[in-house]
Amino acid sequence: MAIHGGAGTILKANMTDEKEMLYKNSLREALEEGWELIQQGKSATDAVVKAVEILENNPLFNAGKGSVFTNSGKHEMDASVMEGKYLNAGAVSSVSNIKNPVLLAKVIMDNSDFVYLSGKGAQEFADKHKLVFEKDEYFFDQFRYDQYSNALKNDKTMLDHTVIDESENDGDKEKKFGTVGAVALDKDGNLAAATSTGGLTNKKYGRVGDSPLIGSGTYANNKTCAVSCTGEGEYFIRAVCAYDVSALMEYGKLSLEDACEEIVNRKLVSLKGEGGLIAIDKNCNIAMPFNSKGMYRAFIKSGQKPEISIYRD
Ligand code: ASP
């Protein structure tokens with residue numbers, strides 16, 4: 001099983017030991033809770049949804065509680081889940097006040113004839129299925145609010161985890177991707193992937209990124225792999241990243257590692273798209289490539305200890 005907490009210009013120079021520990025412990029907790037379900041013989045879907053739910057409840061990450069502010073000072077969240085056995089999927093975009101958008105994506109997958117619901121309709125569906133709603137204050141975070149004020153001031157749309165290098169980025173201070181995601185393979189050989197995000201700081205016009213788009217930000221197919229992406233959504237949409245990793249494996253017969261390398265370090269790079277992904281294949285190979293400075297990430301395999309990393313080593 002593998003998880004991510006977003007990619008971006010995450011530099012050791014900008015991190016305190018305390019903050020680094022906080023991120024690592026949060027990743028460990030989410031990974032271990034998801035992994036525990038796999039150990040108990042539960043499904044890969046249950047495991048990825050659990051890990052993402054935990055990350056959504058953690059204000060360090062740009063999803064659920066920690067979601068970034070939109071241009072109008074609100075939170076609009078996107079999430080998706082897919083399982084590889086029957087290619088079942090559920091997705092949701094532009095929802096506000098839903099505590100755990102990933103749970104809504106799963107309820108859509110399990111209890112509707114649809115794959116993808118958005119905005120008001122999705123919220124009605126959530127209400128009908130008794131999902132937990134939270135007031136605006138629950139999603140307020142001073143750090144995110146400062147990011148948002150800075151983005152407003154500079155009229156920038158920003159990704160969550162990237163510290164904007166003044167020399168590289170027109171004077172902005174922060175630009176990060178903080179989306180969260182998980183992929184897993186269970187004891188029955190089933191694969192699943194889930195992704196959740198608050199999107200871009202200062203986003204407007206109902207902007208939706210790759211995270212809720214099956215095939216772009218999330219994909220799972222038992223014949224090949226499960227993938228969850230993080231980065232500049234517009235590029236991940238144009239490159240159809242998650243599905244393309246699977247397609248390279250299915251039709252091109254590439255290994256998981258080679259397929260991921262092709263997408264993250266060639267296709268995306270040629271489009272100038274920044275970010276990364278986590279992927280696991282049906283043989284339990286794991287790949288976590290990124291072309292940004294860092295990516296919050298962790299994985300675990302049977303009989304091994306969790307491995308948690310942030311930077312490019
Ligand atoms: N991919 C997400 C989006 O574009 C952002 C992220 O990964 O943080 O909405």
>> What does the charge count around Glu33 come to, taking other residues whose C-beta lies under 11 Å from its C-beta (Lys +1, Arg +1, Asp -1, Glu -1)?
In response: -3
> Where does each of 124-132, 87-95 land if you order them by average Cβ count within 10 Å, highest first?
Replying inline: 87-95, 124-132
> Which of the residue pairs Lys42/Lys187; Lys50/Lys99; Lys153/Lys203; Lys272/Lys293; Lys19/Lys293; Lys19/Lys50 have a Cα-Cα distance greater than 20 Å in the structure shown?
Replying inline: Lys19/Lys50
> In debye to the nearest 20, how big a dipole does the chain give about its Cα centre with +1 on each Lys and Arg Cβ and -1 on each Asp and Glu Cβ?
Replying inline: 240
> Going through segment 206-282, which chymotrypsin sites (Phe, Trp or Tyr not before Pro) have at most 16 other Cβ atoms within 10 Å and a DSSP loop state?
Replying inline: Tyr251
>> Shape verdict for segment 216-313, please, from the Cα gyration tensor: rounded (a/c under 1.5), prolate (a/b greater than b/c) or oblate.
In response: oblate
> If you take the beta carbon distance between Lys135 and Ser309 as r and set R0 to 35 Å, what does 1/(1 + (r/R0)^6) give as a FRET efficiency, to the nearest 0.05?
Replying inline: 0.50
> Taking K and R as +1 and D and E as -1, what net charge do the other residues with C-beta under 14 Å from the C-beta of Met109 add up to?
Replying inline: -2
> Label Ala13 and Asn25 with points 7 Å out from Cα along Cα→Cβ: what is the distance between them in nm?
Replying inline: 2.8
>> Under the 0.36 nm per residue contour assumption, what length would be gained going from the current alpha-carbon distance of Asn97 and Asn111 to full extension?
In response: 3.0 nm
> Rounded to the nearest 5, what % of the DSSP beta bridges within segment 76-142 are antiparallel ones?
Replying inline: 70
> If you count the DSSP beta bridges with both ends in the chain, what percent of them are antiparallel, to the nearest 5?
Replying inline: 90
> Between Arg238 and Gln40, what FRET efficiency follows from the Cβ-Cβ distance if R0 is 35 Å, with the result rounded to 0.05?
Replying inline: 0.30
>> Over the chain, with a Gaussian network built from C-alpha contacts below 10 Å, which listed residue (Lys156, Lys223, Lys135) shows the highest mean-square fluctuation?
In response: Lys135
>> Taking 30 Å as R0, compute the FRET efficiency from the Cβ-Cβ separation of Arg266 and Lys223 and round it to 0.05.
In response: 0.85
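Values quoted throughout were computed directly from the atomic coordinates according to the rules given, and no laboratory measurement underlies them. Not measured: the values here are computed from a predicted model. So basically every Cβ, Gly included, is an ideal-geometry build from the backbone, and we count neighbours across all protein chains shown.
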